[in-house]
1. Of all residues in region B:105-115, which are loosely packed, with under 15 Cβ neighbours inside 10 Å and not in a loop (DSSP other than H, G, I, E, B)?
2. Only one of these is β-branched (V, I, T), surrounded by fewer than 18 Cβ atoms within 10 Å (Cβ to Cβ) and assigned to a helix (DSSP H, G or I): A:V149, A:V168, A:V92. Name it.
3. Among (1) closer than 24 Å to A:G131 by Cβ; (2) surrounded by fewer than 22 Cβ atoms within 10 Å (Cβ to Cβ); (3) more than 8 Å from DNA strand C (Cβ to nearest atom), which single condition is A:L78 missing?
4. Need the failing condition index for B:D98 against (1) assigned by TED's automatic domain parsing to the domain that holds B:R58; (2) within 30 Å of A:R157 (Cα to Cα); (3) surrounded by fewer than 19 Cβ atoms within 10 Å (Cβ to Cβ), just the number.
5. Restricting to region A:156-182, what's the tally of residues that are modelled with pLDDT of 95 or more and more than 15 Å from the chain's Cα centre (by Cα)?
6. Going by the conditions given, is A:R58 within 16 Å of DNA strand D (Cβ to nearest atom) and either at pLDDT 95 or above or not assigned by TED's automatic domain parsing to the domain that holds A:L116 (or both)?
7. Restricting to region A:91-132, name every residue that is closer than 24 Å to A:E50 by Cβ and within 9 Å of DNA strand C (Cβ to nearest atom).
8. Just checking, how many residues over region B:33-77 are closer than 30 Å to A:F173 by Cα and either touching a helix residue (DSSP H, G or I) at 6+ places or on another chain (Cβ under 8 Å) or assigned to a strand (DSSP E or B) (or both)?
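The values are calculated or read from the model by the stated rules, or taken from the named source; none is laboratory data. Since we're looking at a predicted model, the values are computed, not measured. All Cβ positions, even for glycine, are placed from backbone atoms using ideal geometry, and neighbour counts span all protein chains on display.
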There are 2 protein chains.
Amino acid sequence: MTDINFSRGAAHPDSHGNAGTSPAPREMRWDIIELLFFAYRDFVGDADHELEAFGFGRAHHRVMHFVYRYPGLKVADLLDVLRITKQSLGRVLKQLLDEGYIIQKTGNNDRRQRLLYATPKGEALVAKLAGLQTDRITRALRDINPDGVAAIGQFLRAMIDRDDPDKVLEAIFGTGSKKPRE
Amino acid sequence: MTDINFSRGAAHPDSHGNAGTSPAPREMRWDIIELLFFAYRDFVGDADHELEAFGFGRAHHRVMHFVYRYPGLKVADLLDVLRITKQSLGRVLKQLLDEGYIIQKTGNNDRRQRLLYATPKGEALVAKLAGLQTDRITRALRDINPDGVAAIGQFLRAMIDRDDPDKVLEAIFGTGSKKPRE
DNA sequence: AATTTATGTCAGTCATGTTGACATATCTTG
DNA sequence: CAAGATATGTCAACATGACTGACATAAATT
């Protein structure tokens, strides 16, 4: 067994040798910063593992997820949500179309648009991955009372940038530009 | 302005056409799943933006962060925490050493070990990035009472895998196998 | 002395992001 | 209607940060 070079209390002391010109000691939320790192790592890890079996990566998951959740999403909307370039999106989207996880329909009003929909095959994949993540979330919320759960939702919402919200965010909050009213 | 193809209520209805043989409709935590996605995206986005100025990426940030926070971390520990290969770590670590953000010291007991420490330059970088993230967290927690904040911590902790915890996780929780004591 | 461990490094590959340029179909506007 | 703007797709080149596999060195352990 390797020796333990830092024990329970060995994290870097916050107030250092702050002698003289330093720009004032800040109170950092190291706890939340690190918890978010580990929590998110394990949260997406659930899906990552399963995706390997399909020969897909995280990028495919994100596309499938939002297409399933917001049927009729346009390519442009997806680009806003994922914040990647159309070339990046194009690659994974093409695979998902070719392999029958997503279908495109031409827009009714605007025939240039390609509206995206999950096929049953795609829905099954999203459901499987969301099931794993839901299991983890349900487990994590098990011993937390309704007020606590509400606080968690409020916190996560407040962590999100509200300037220039994309269509999905507008759906999650209640149609942009208004101030968040919790 | 492009037309809105899904409005506030247009998210995929959970109970589909569940006629017959489907494997039972699950209650999915779409809310938390999506909030985690957006919250984490914007949370790391703060640092990403700043890192560009240094010519560094997220990988550098993660290394710097944990080296600063847990001084004397061994290379092997870092590999456990980040869950990447030593080849991947080697690349970014080499840059951080070459550019004077991190220094190595030979282990006292075991002279094969390279114990890692942040230099003042490294500490400044970590502090800058943690400051941005702390700002966001503080803002998000502003209107949440102490019980709510406790619930958020409990939730994030419970989201993390506790089997095979690395040394940093042992420090965050209270040395493996025991239950977390808030 | 032999083996294991901790670390470093070379070489090649893959996934996913980026820019820039350009093509096509379709809608909008003067 | 002709001209321009918009939505999408695609080609090519490149960067980052993962990966595997192989191998080298120094130091500890057996």
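1. B:K105, B:T106
2. Numbers: A:V168 fails: surrounded by fewer than 18 Cβ atoms within 10 Å (Cβ to Cβ); A:V92 fails: surrounded by fewer than 18 Cβ atoms within 10 Å (Cβ to Cβ).
Only one candidate qualifies: A:V149.
3. All conditions are met except number (2).
4. Unmet for B:D98, out of (1) assigned by TED's automatic domain parsing to the domain that holds B:R58; (2) within 30 Å of A:R157 (Cα to Cα); (3) surrounded by fewer than 19 Cβ atoms within 10 Å (Cβ to Cβ): (2).
5. So the count comes out to 0.
6. Values: within 16 Å of DNA strand D (Cβ to nearest atom): yes; either at pLDDT 95 or above or not assigned by TED's automatic domain parsing to the domain that holds A:L116 (or both): yes.
So A:R58 passes the test.
7. To start, the set of residues in region A:91-132 that are closer than 24 Å to A:E50 by Cβ comprises A:91-103, A:116-132.
A:R91, A:V92, A:Q95, listed by residue number.
8. Of all residues in region B:33-77, those closer than 30 Å to A:F173 by Cα come to B:33-51, B:58.
Those left that are additionally either touching a helix residue (DSSP H, G or I) at 6+ places or on another chain (Cβ under 8 Å) or assigned to a strand (DSSP E or B) (or both): B:33-40, B:42-44, B:46-48, B:50-51, B:58.
Result for region B:33-77: 17.
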